[in-house]
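So the structure is just underneath, and the comments pick up after that.
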Amino acid sequence: MAQRLLLTDLLYSQGFGTRRICAGLVQQGLVQMDTGHGWVCVRETDTAVDVVEGMPFMVQGILWQYHTKAYVLLHKPAGTECSHKPSAWPSVYSLLPTPLRQRPAKTGLQGVQAVGRLDQDTTGMLLLSDDGQFIHRMSSPKHHVPKVYELETQEAMHASVVEKLLNGVVLNDDPQPVKAAACALTGSHSMALTLTEGKYHQVKRMLAATGHKVVRLHRARIGDMELDHTLAPGQWRWLSGEEMKALTRKP
Ligand code: URA
């Protein structure tokens, strides 16, 4: 459903800075709107805009989309940390454009936040959002959202490793065994492993409990959504409505 916003408020809601900065962008002729007959530079800050999800607009020549809440997918490359204050590697947040990082807080979150964390050397699907409920829904073990990891180990694995992971292994800080929701060998040194919870270094620790060192770890799927191969490591994009449904579909 369309919502009517003043142009300055629209830019502010999408993370383009304070209302004063947003008004400046408009006054300097840096904002363009699609009229349906082409792009038009709009210089009046109090222009009323009927916004709909995904509505395109341009700021400083860069095409953007309006979204009430931000839901994005990042292909996390190796050598990045899922932290705003990384200790040794660049932050995944540095791979996102500034507006995504400075969207104003509506319910306590400023800018998009990662849905759970991946280790520095893990690659693959990382979701980010400024919707706290969505983040909770996707990361809470109560909701059993399956996450599929592809991994490689240093030494070859015997088929009995699969059985051990499915039956449950004990991690050093937790007497309760943790189980894989699904697990299959995909080669002598490789495996696909599905988890519905996300304890610290869980995959690596589970494999270590079977006597194996993980040398490559990639998250390939979350819920019913796979990482598409058109998204190169380091690239991000908005999630589509269909993908949101696939992610939040009950198992
Ligand atoms: N399990 C791990 O050990 N590392 C990750 O990055 C994700 C899951």
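The values are calculated or read from the model by the stated rules, or taken from the named source; none is laboratory data. Since this is a predicted model, take the numbers as computed values, not measurements. Please note: Cβ atoms are built from the backbone with ideal geometry, for glycine as well, and neighbour counts cover all protein chains shown. Remember, those area values only see protein heavy atoms, side chains included, never the ligands or the DNA or RNA. Shrake-Rupley method; radii C 1.70, N 1.55, O 1.52, S 1.80 Å.
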Within the range 6-63, trypsin sites (Lys or Arg not before Pro) in DSSP loop having at most 14 other beta-carbon neighbours inside 10 Å: R43
At q = 0.10, 0.11, 0.17 Å⁻¹, base-10 log of I(q)/I(0) for the chain (Debye sum, equal scatterers on each alpha carbon): -0.57, -0.66, -1.26
Length-normalised contact order of the range 3-65 in % [C-alpha pairs under 8 Å, at least 6 apart]: 36
Test item: Cα-centred dipole of the chain, Lys/Arg +1 and Asp/Glu -1 on Cβ, debye: 480
Solvent exposure of the range 3-65 as accessible area per residue, Å², 1.4 Å probe: 56
Beta bridges per DSSP with both ends in the chain, % antiparallel, nearest 5: 95
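Where in the chain is the longest stretch that carries no GluC sites (Glu not before Pro) classed as loop by DSSP and with at most 13 other Cβ atoms within 10 Å? Display every interim value, and only then the final one.
Values: sites that count: E44, E155.
Longest stretch, sites excluded: 45-154.
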Euclidean distance between Cα centres, the range 155-205 to the range 46-122, Å: 32
